[in-house]
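Chemist: Okay, here's the structure, questions in a sec.
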Amino acid sequence: MSLVIRNLQQVIPIRRAPLRSKIEIHLKAGEFPLPDFPDDYNLGDIFLGVEYIFHQCKEDEDYNDVLTVTATHGLCHLLGFTHSTEAEWQQMFQKEKAVLDELGRRTGTRLQPLTRDLFGGS
């Protein structure tokens, strides 16, 4: 895996590490893996379309708040939560709400989880 940051002047490789061959981990939503190697603590990647998110913000929404909520939603997916069924959605919604409540407590903000209609129930 490698991360590359691109700007107008140059391409900067940040880290390169070979991917391990075929890793299978079976966890329930919200369980944390017990890795064999420190590099295995990487749960995955979250890619945010920041320009898309910016354009989707309503006039009364703060862009940074929406970005934080969207990143939290992605983190829940990396932890194994999904929203294919109503029960799964409720479980994921509760986890997002708990994380955002804690962030709000620590930062003095009031963040609300994303609503189901934003994802079309998928």
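Chemist: State yes or no: is Ile53 assigned to a helix (DSSP H, G or I), modelled with pLDDT of 55 or more and not hydroxyl-bearing (Ser, Thr, Tyr)?
Modeler: Against the criterion (assigned to a helix (DSSP H, G or I), modelled with pLDDT of 55 or more and not hydroxyl-bearing (Ser, Thr, Tyr)), Ile53 qualifies.
Chemist: In the range 63-115, how many are part of a loop (DSSP other than H, G, I, E, B) and open to solvent by 80 Å² or more (accessible area, probe 1.4 Å)?
Modeler: So the count comes out to 3.
The values are calculated or read from the model by the stated rules, or taken from the named source; none is laboratory data. For clarity, every value in this text was computed on a predicted model and none was experimentally measured. Accessible surface areas use protein heavy atoms only, side chains included; no ligands, DNA or RNA. Shrake-Rupley method; radii C 1.70, N 1.55, O 1.52, S 1.80 Å.
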